[in-house]
Structures are given as structure tokens and as C-alpha cells.
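Some notes on the structure that comes next.
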Amino acid sequence: MGSAAVGVDPVQASFEDMERQTALMNSCTLLWKELSDHFSSLEQNLLQKSETLKRKLASLDQDTKESLEVLRQRETSIDGHVDFAIARVEERKEAALVAMKKSEDEGSADAVVKLRAFCTRMDSEGFWRFVTGKKKELDLIRSQIPDALGDCVDPATFVLQAISEVFPVDKRVEKGDRGNDFGWACVLVLEALVPVLADPALGESRLLVTSKIKEQAREVVAVWKTNLVERGGLENVKALDGHIFLQHVVTFGIVEKDDAEMYRKMVVASAWRKQMPKLAISLGLKDKMADIIEELIGKGQQVDAVHFTYEAGLVDKFPPVPLLKAFLKDSKKVATSILEDRNNTGRAVHLAGRKEQSAIRAVIKCIEEYKLENEFSPEGLRKRLEQLEKVKTEKKKPAVTPANKRTRVSSGGPMPPAKAGRLNNAYVSSFPTAGPTYVLSPSSHTQYPPEVSPYSYDRPAGPYGSRSPPSMRDAYAYPPDVSPAVRSYPAAPVGYPAYGGYGNGMAPAYQQAYYR
């Protein structure tokens with residue numbers, strides 16, 4: 001009998017076949033889901049790109065409409081400007097005749113008449129001498145200069161000639177102790193020229209500067225840059241010199257995109273100057289304003305940062321009140337480090353008090369300027385100022401030592417007053433001389449001399465040196481010779497008044513702990 005073939009169980013075979021079919025179905029299902037998700041993702045991306053494209057097209061349409069409207073206005077402006085220029089020539093001619101007649105008839109004409117006479121006669125040299133000689137009367141002539149420049153036949157050329165004595169290179173043979181101290185006049189005249197060159201229809205957004213004048217202004221820029229290299233680069237530029245350069249570029253409409261980084265560095269270096277926030281916008285730095293503000297905050301110049309936030313419209317991104325409180329806190333730390341500096345033990349309290357006063361005044365000024373009273377009440381700050389002023393006044397009073405209670409041992413007669421009592425403005429301390437452990441000022445708070453300080457309350461009074469009235473121009477940092485030689489001050493008192501108590505929700509860091 002032959003061997004029987006091994007039979008295959010049909011049930012088992014069917015079951016295995018079903019498992020294979022099931023696995024295949026599962027694989028197909030997963031593949032389908034992956035494909036479906038992929039196509040859904042592609043569809044979503046296409047929809048998003050379509051929406052983005054629609055928005056860009058809408059924005060482009062709007063920009064096109066605005067550009068066409070600007071072009072239409074410029075065409076209208078050109079026609080109107082021709083008529084305007086003709087009328088102005090006649091006005092200037094009449095004004096020149098009147099001014100010359102007045103100058104001849106009145107040997108002692110007033111300042112305004114003289115100013116207009118120089119402009120109508122295109123006497124740029126006389127105009128420059130007149131303006132630089134009137135620094136103490138700027139309030140009188142500042143508002144008159146734009147109108148006077150309007151009497152010039154060619155105001156742009158007139159101004160270039162007027163400031164050429166000191167900008168872009170100081171050509172004077174003899175200079176004062178302060179070097180180029182006519183920078184303020186350059187800024188004043190260049191600023192005054194802007195409204196004169198403004199388009200009658202479009203305003204200062206379009207300056208009516210001829211290509212010839214622009215070329216002359218660019219030559220000035222080239223000379224300034226060459227001189228900059230000879231002086232050691234951008235880091236060695238004085239704040240006022242840089243300010244003149246930036247105002248020159250804006251006034252004559254010759255801002256260059258390739259120089260944007262240079263403009264930014266110069267703006268940051270002179271951020272404390274009153275005109276810098278607006279000048280930064282005019283220099284095309286609006287897109288960089290957030291970076292500039294962050295850089296100023298990092299340097300401890302929060303008050304300056306607040307001015308930039310308002311000019312750039314970034315108040316929501318950089319709320320001013322926290323910045324002002326942070327500025328007070330940082331200033332307090334520096335004041336404390338001054339108290340703990342063993343190299344300044346004789347006048348530490350005096351310097352620390354001035355530091356605190358200056359910071360508080362800066363913050364109060366900012367609160368008032370931007371109407372922040374509801375968010376940050378200045379009343380507590382004002383009370384603190386009164387406290388500090390009272391302490392300062394009391395320290396100025398000389399101690400009185402009754403002479404009739406001292407007797408001379410040798411003769412039994414009255415003994416002369418103690419030496420301290422014989423010195424004018426002598427100060428006899430009632431505070432203990434022992435002080436706490438001393439540390440140097442934090443390196444993050446550099447002590448600037450008045451002429452280069454980054455704070456607007458730290459420069460000498462001048463037409464462009466401060467945002468505050470004269471009574472609020474105390475220094476943030478102090479040179480070594482601020483206190484009288486005959487007066488001495490004690491080390492940090494243990495009971496010095498606390499910095500807190502403003503009633504405005506300031507952080508606990510403002511409390512007495514800073515005077516440990």
C-alpha cells in the first residue's frame with residue numbers, strides 16, 4: 001500500500017488566508033489615513049497661503065492707491081509750488097528792501113529786524129556771527145529764525161554757508177576752552193531750515209531740496225566721514241558733533257539706507273538728547289526702535305527708553321510705569337554703592353542724596369510729560385524730594401559751640417571757639433563715624449562726566465541739553481569737585497531715611513535695606 005499524501009486542514013488554511021487579508025486591509029487603511037492627512041495638510045497650507053496672498057494683494061492695492069494719491073498730490077504741489085515760489089520771490093524782494101531801509105534808518109535795530117536783514121541780504125557770515133552771539137537770548141530768536149530764513153532767496157545754500165565755519169570741519173584758528181562750542185547753533189539753524197524747505201502741500205514729509213543742494217550736502221557728509229576716520233572712528237564722536245551730522249542728513253533729505261547701522265549707533269550714544277527719538281524716526285529707524293529701546297533699558301537708561309517708546313508708538317510693548325520704577329530701583333542701588341564706597345566717605349551722603357534727588361526729578365518729569373499720574377502717582381516722590389531737601393538744608397547749618405563755656409587753662413579767661421567753629425561753612429557731624437562694610441559702585445552703572453552723560457538731566461543748561469527746566473537739571477553722576485573744599489560729610493548714617501513710603505506700590509527693594 002503506497003504512502004498516503006499528508007492532508008492539509010482546509011480550516012487552518014482558510015484561517016491563515018483570512019489573517020493575511022486582514023493584515024492587508026489594516027495596512028491599506030493606515031496608508032489611506034496617512035494619505036488623507038497629508039492631503040488635508042496640503043489643503044490647509046494652500047488655504048493659508050491663499051489668505052496670506054489675498055492680504056498681501058489687498059495691502060498692495062492700498063499701498064498703490066496711497067502712492068498714486070501721493071503722486072497726485074506731488075503733481076498738484078509742483079504746480080502750486082511754482083506759483084508759491086513766484087509769490088515768495090516778490091515777498092522776499094519787498095522784505096529785503098524794507099529791511100535794508102530799516103537798517104540804514106535805524107542804527108540800533110532790534111534783534112528780529114537784524115536777523116531778517118541778514119537773511120534778506122544773504123549775508124550768511126553776518127547771520128552766523130549774530131546767532132552765535134545770541135546764545136543767552138535764544139528764546140527771543142529761536143522762533144524767529146524759520147521766518148527769517150524764509151526771506152532768503154536760497155535758504156538751503158545760505159545755511160550751508162553759515163555753518164561751514166565749524167561743520168563739517170572746525171576751521172577756526174582760535175578756539176575757546178570748550179572747543180567747538182558752536183554746535184548748538186548748527187543744530188538750531190539746521191532744525192529751523194526744515195519747515196522752510198517743507199512742501200506747501202505735503203509738509204515736512206517732502207522737502208523741496210534741489211539735486212544740486214543735495215549733492216553739496218552729500219559732499220559735507222563725505223568730508224565729515226573722512227574726518228571721522230582720522231579722529232579714531234565712531235566711538236570717539238562727541239554727542240553734539242554726532243547730533244549735528246544726523247540733523248544735517250535729515251534736514252537735506254539725504255538719508256542713506258547703507259548708513260542705517262551707523263545712524264542707530266549714534267542715536268543710542270546720544271539717546272539722552274531731547275531730539276533723538278524724533279530724529280531716529282526721520283532717519284528711517286522706525287523698524288529698529290524696539291531694538292534701540294531694549295538696548296537703552298539694558299544700559300539702565302529707562303527714562304530715555306520711555307521717550308523712545310512714545311515716539312515710536314510702542315507703549316503697549318514697553319509699558320512706561322514699570323520702566324520708571326526700574327529706573328528708580330537701579331538709581332537707588334547706585335546711590336547705596338556710593339554710600340558704601342570707602343574712597344568717598346567724606347561726601348558719600350551728599351552724593352547719594354543728589355543721586356536720589358536727580359532720579360526722582362527725572363521720573364516726575366516723565367510722569368507729568370506723558371500724563372501717567374493715574375498709573376504712578378508722583379505725590380510720594382515729591383514728599384521724598386522734600387525730605388531730601390530738608391536733610392540737605394539741615395546739613396548746611398554750621399554747628400554752634402558756645403564760646404563762653406570754654407576757659408583758657410593758663411589764664412582762666414575765656415577760651416576761643418574750637419577750630420571747626422571758626423571755619424566758614426564748617427560742618428560738625430552728629431552722626432557716628434563708624435560705617436558699614438564698603439563696596440565699590442556696580443560696574444553696570446558707569447559714572448559719566450557731565451558733558452558725556454547719557455541722562456538728560458546731567459548736562460549743563462543749554463538750548464538742547466535737557467528735557468527739564470533749569471531747576472531739574474541735577475546731575476546723575478558727579479565729578480570729584482562737586483562739594484566745597486572746607487565742608488566735610490560723615491559716612492553713611494545708620495538712620496538715613498528709607499526710600500520707601502511713596503504709596504504707589506513700589507517693590508520692597510526701595511526700603512531701608514539699601515542702606516545696610
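The values are calculated or read from the model by the stated rules, or taken from the named source; none is laboratory data. This structure is a prediction, so every number in the text was calculated from the model and none was measured. Cβ coordinates were reconstructed from backbone atoms using ideal geometry, including for glycine residues, and neighbour counts include every protein chain displayed. Just the protein is used for accessible areas: all its heavy atoms, side chains included, with ligands, DNA and RNA removed. Shrake-Rupley method; radii C 1.70, N 1.55, O 1.52, S 1.80 Å.
Placing R0 at 30 angstrom, the Cβ-Cβ distance between Leu57 and Lys257 gives a FRET efficiency of 0.70 after rounding to 0.05. Compared with the direct C-alpha span, the chain from Glu368 to Asp181 gains 64.1 nm at full extension, assuming 0.36 nm per residue. Largest accessible area first, the listed residues Val11, Val303, Val220 line up as Val11, Val220, Val303 when surface is computed with a 1.4 Å probe on the assembled protein chains. For the pair Tyr310 and Arg218, the difference between a 0.36 nm per residue extended length and the Cα-Cα distance amounts to 30.0 nm. Between Leu47 and Val11, the contour length at 0.36 nm per residue exceeds the alpha carbon distance by 7.6 nm. Each of Val70, Val391, Val131 has its accessible area taken with a 1.4 Å probe; listed largest first, they run Val70, Val391, Val131. Go ahead and run the numbers for FRET between Glu235 and Asp287, Cβ-Cβ distance against an R0 of 35 Å, rounding to 0.05. Using R0 = 35 Å, I get an efficiency of 0.90. Heavy-atom accessible area for Leu285, with the other protein chains in place and a 1.4 Å probe, reaches approximately 0 Å². With R₀ set to 22 Å, the beta-carbon distance separating Thr210 from Leu68 gives a calculated FRET efficiency near 0.30. Computed with every protein chain present, the accessible area of Arg72 is close to 120 Å² [probe 1.4 Å].
Per-residue surface analysis assigns Lys214 an accessible area of about 60 Å², computed on protein heavy atoms at 1.4 Å probe radius.
Spacing of the modelled spin labels on Ser377 and Ala326, each 7 Å from Cα toward Cβ, amounts to 2.6 nm. Using C-alpha pairs under 8 Å with a sequence gap of at least 6, the mean separation divided by the residue count of segment 195-267 gives a relative contact order of 29 percent. Each of Thr120, Thr210 has its accessible area taken with a 1.4 Å probe; listed largest first, they run Thr210, Thr120.
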